Amino acid sequence: MAEASLESPQHRFDNRIEAEEKIEPKDWMPDGYRKNLIRQISQHAHSEVIGMQPEGNWLTRAPTLKRKCILLAKIQDEGGHGLYLYSAAETLGASREELVEALHTGHAKYASIFNYPTLTWADIGAIGWLVDGAAIVNQISLQSTSYGPYARAMVRICKEESFHQRQGYEIMVKLAEGNATQRAMAQDALDRWWWPSLMMFGPHDAESAHSAQSMRWKIKRQSNDDLRQKFVDQTVPQAEAIGLRIPDTKLVWNAARGHYDFGEIDWNEFNRVVSGNGLCNRQRLDHHKQAHEDGEWVRDALRAYAEKQA
Ligand code: FAQ
């Protein structure tokens with residue numbers, strides 16, 4: 001009996017996770033592992049695609065042609081990230097139709113950050129600097145996630161996000177070096193995007209429904225709170241370097257811990273936004289549904305072509 005269980009698919013799977021081997025699409029995996037991955041990867045994909053909207057709002061109003069080209073390239077990258085991630089989720093047996101349906105019916109989430117409006121050009125700087133900055137901290141860790149297609153998608157995504165973060169910070173640098181109005185715009189954008197960026201890492205570890213199991217399966221490699229701390233530690237000096245103030249009165253360097261201490265997130269706001277009642281939730285979903293509907297003719301043409309070939 002003991003010998004048989006040593007040979008069981010579950011046992012082999014556990015050993016491979018233990019040995020840091022990647023799990024590939026055709027390998028045996030527990031149902032829960034598959035479901036959890038489809039959940040996380042598809043929500044990640046939805047975030048990338050919905051995340052194109054707040055920045056898209058500034059494409060026609062970028063201050064120069066060069067800024068417009070950079071922003072356009074960045075937004076297209078985000079669409080590409082969504083596509084790699086949908087493909088990774090499809091390798092687990094989920095169809096694209098099901099995934100999009102889950103987004104449209106509210107069964108699948110996307111990152112709360114994309115439900116905030118982009119009010120000024122400085123918001124484009126703040127998104128690149130803070131939102132892409134937070135995304136990279138999380139995604140670098142996911143490069144060593146246990147599912148092969150997800151880990152490999154992360155490698156390329158991280159390279160692109162790194163360019164995004166730098167272009168955002170460079171916008172903030174220029175505004176911070178500018179006149180009083182430009183500096184005020186940069187500070188106002190930081191004030192509005194700081195806390196929502198910290199929320200991107202999800203609930204505290206003790207409240208995180210999926211973390212313990214995801215860490216055991218090595219889907220997640222670092223906890224929500226550890227990643228959030230890493231982001232704070234690396235971002236505070238960047239703000240200081242350009243003379244911007246982080247909007248947190250509790251923020252202080254803790255020499256004993258070797259980290260910044262920081263204030264508490266407004267979890268009521270987080271829950272409100274995640275449950276669909278943020279400033280732009282309805283607008284973001286309606287826009288996605290409309291774009292999806294407008295693309296129906298492309299899907300029809302592809303289906304007709306496939307039928308003709310069959
Ligand atoms: N917003 O048990 P946990 C980007 C949900 S990409 C909304 O801790 P988990 C690029 C969570 O889904 C940004 N929902 O969950 C870009 C779960 O709900 P469920 C996206 C959130 O999965 C930049 C429930 O709360 N990145 O920005 C949020 O273990 C600029 C319980 O939470 C990724 O998706 C939230 N902030 O940990 C694009 C990275 N936090 O499914 C355009 C991959 C938590 O039970 C412009 N994902 N929830 O209904 C992850 O690393 C994880 O999924 C976490 C959450 C860390 C996000």
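Observations, loosely collected:
- Single residue of the stretch 1-20 satisfying the filter (free of Cβ contacts under 8 Å to residues at least 40 places away in the same chain and in a loop (DSSP other than H, G, I, E, B)) that is farthest from the chain's Cα centre (by Cα): M1
- R192 satisfies every condition listed in (1) loosely packed, with under 15 Cβ neighbours inside 10 Å; (2) of a type in the set (D, E, K, R); (3) more than 15 Å from the chain's Cα centre (by Cα) except (1).
Yes/no per residue for (1) assigned to a helix (DSSP H, G or I); (2) out of contact with any Asp or Glu (no Cβ under 6 Å at 6 or more places or on another chain); (3) under 20 Å from H210 (Cβ atoms); (4) free of Cβ contacts under 8 Å to residues at least 24 places away in the same chain:
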{"residue": "G32", "(1), (2), (3), (4)": "yes, yes, yes, no"}
{"residue": "K35", "(1), (2), (3), (4)": "yes, yes, yes, yes"}
{"residue": "I38", "(1), (2), (3), (4)": "yes, yes, yes, no"}
{"residue": "H44", "(1), (2), (3), (4)": "yes, yes, yes, no"}
{"residue": "S47", "(1), (2), (3), (4)": "yes, yes, yes, no"}
{"residue": "K74", "(1), (2), (3), (4)": "yes, yes, no, no"}
{"residue": "G82", "(1), (2), (3), (4)": "yes, no, no, no"}
{"residue": "A88", "(1), (2), (3), (4)": "yes, yes, yes, no"}
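- Residue identified as more than 28 Å from P30 (Cα to Cα) and charged (D, E, K, R) among R216, R221, R284: R284
None of the figures in this text is laboratory data; all of them are computed from the coordinates on show. Remember, it's a predicted structure, so these values are computed and weren't measured experimentally. Don't worry about glycine lacking a Cβ; one is built from the backbone with ideal geometry, like all the others, and counts go over all protein chains shown.
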